[in-house]
Amino acid sequence: MVVKRFLIHDAFAAYLEVSRDQLDASLTYRASCFGKIFPLTVFKGPKQSPTIRWICNRCADGRGVVTPRDILDLIRAKQRQQDIYAAAPEGTSASVIGPTSIQYGFEELSKRKRQTYLQAEFPHLWKDIEARTVCRAGSSQ
């Protein structure tokens, strides 16, 4: 789904030399196309999970369910990547969407989930949740 979403534009698919027919026919081909768009891992280091696993783990809810909506929200990181490219058009990148943009997408997804789910479903606890969030954000700086 993610790869198909990115490759919806003919020019982009041609740029990455992707065959849409093969996307539907082969899981292995879809995985290789994912690797043309995203980095191997979100963080550097020998024990890091592959990007797709990292994304799924962070989008899973308490029951381990990963919804397409959350994945698509996270990969809206492409907007952040466009901002990075606009700021330094002469720069180079090993992937279309870089690790910094994926991390940004995750932060934005987390904010949206906190407001959409926690604030909406637990308004009676929101003051405590918000206080803990502010406390944690202050301790990481």
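Values in this text are rule-based calculations from the coordinates and carry no lab data. What you are looking at is a predicted structure, and each value in this text was computed from that prediction instead of being measured. Here Cβ is always computed from backbone atoms with ideal geometry, including for glycine, and neighbour counts include all displayed protein chains.
Segment 1-108: which trypsin sites (Lys or Arg not before Pro) are DSSP loop and have at most 10 other beta-carbon atoms within 10 angstrom? Passing sites in segment 1-108 are LYS44, LYS47, ARG63. Per-residue ellipticity at 222 nm from helix content only, as computed over the chain with -39500 (n - 2.57) for each DSSP H run of at least four residues, stands at -17000 deg cm²/dmol. Residues whose amide H comes within less than 5 Å of that of THR41, counting only those at least five positions distant or on another chain, are THR51 (H built at 1.01 Å from N in the peptide plane). Express in % the proportion of alpha carbon pairs of the chain at distances exceeding 17 Å. When every Cα pair of the chain is considered, 67 percent fall beyond 17 Å. Using a Gaussian network for the chain with springs between C-alpha atoms less than 10 Å apart, which of these wobbles most: ILE37, ILE52, ILE129? Comparing ILE37, ILE52, ILE129 in the GNM, the peak value goes to ILE129. Once the C-beta distance of TYR85 and LYS47 is scaled by a Förster radius of 25 Å, the resulting FRET efficiency is 0.25 to the nearest 0.05. The region of the chain that goes longest without hitting one of the GluC sites (Glu not before Pro) in a DSSP loop, each with at most 16 other Cβ atoms within 10 Å, is 18-89.
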